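Asks: Below are the structure tokens for one structure; questions will follow.
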Amino acid sequence: MENLADNRAWFRPKTYGYGYTPVRWQGWVSILVFVALLFATVLAAAPGTAKPHSVLLFLKMKAMFGLGGTHLRAPAMAAFLAIEVAAFFVFTRWKSSGSSPDAC
């Protein structure tokens, strides 16, 4: 008989290794949102963080996603990325509370 907490968990710990696996549609949606947020953070960077031959493409992509006026410097971008990854890790731990690797 499954534990009630296992039924509500969006993620479960991997059977071996480190990390979590989505087990419900909410887990997959949260991963897609996380990837989109990381992509937007990278695009919010200043043009100077792009390689010289790809600056034009970088600026076009920023404008396409509505981020043309944003300019994060490299340290700020790195800090935001680190915060986002840490927040997502805490979120997955919270949404997998009570589940075990062998539950599914």
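Asks: So which trypsin sites (Lys or Arg not before Pro) in the range 28-103 pass both tests, a DSSP loop state and at most 13 other Cβ atoms within 10 Å of the Cβ?
Replies: Sites meeting the loop and neighbour criteria: Arg73.
Asks: Subtracting the Cα-Cα distance from 0.36 nm times the residue separation, let me have the gained length for Lys14 to Val35 in nm, one decimal.
Replies: Difference between extended and current length: 5.6 nm.
Asks: Karplus couplings for the range 53-67 from phi (6.51 cos²θ - 1.76 cosθ + 1.60, θ = phi - 60°), rounded to Hz, Gly and Pro as x?
Replies: Result, rounded to whole Hz: 7, 10, 4, 4, 5, 4, 5, 5, 5, 4, 5, 4, 8, x, 10.
Asks: Wrap a convex hull around the Cα atoms of the chain, take a quarter of its surface area, and give that in square nanometres.
Replies: One quarter of the hull surface, i.e. the mean projection, equals 8.0 nm².
Asks: Where a Cα-Cα gap under 18 Å defines reach, which lysines qualify for Lys14, not counting those fewer than 8 residues away within the same chain?
Replies: Lys95
Bear in mind these aren't lab numbers, they're just calculated from the coordinates by the rules spelled out. Predicted model, so just to flag it, every value in this text is computed and none were measured. Glycine also receives a Cβ, built like all others from the backbone with ideal geometry; neighbour counts cover every protein chain displayed.
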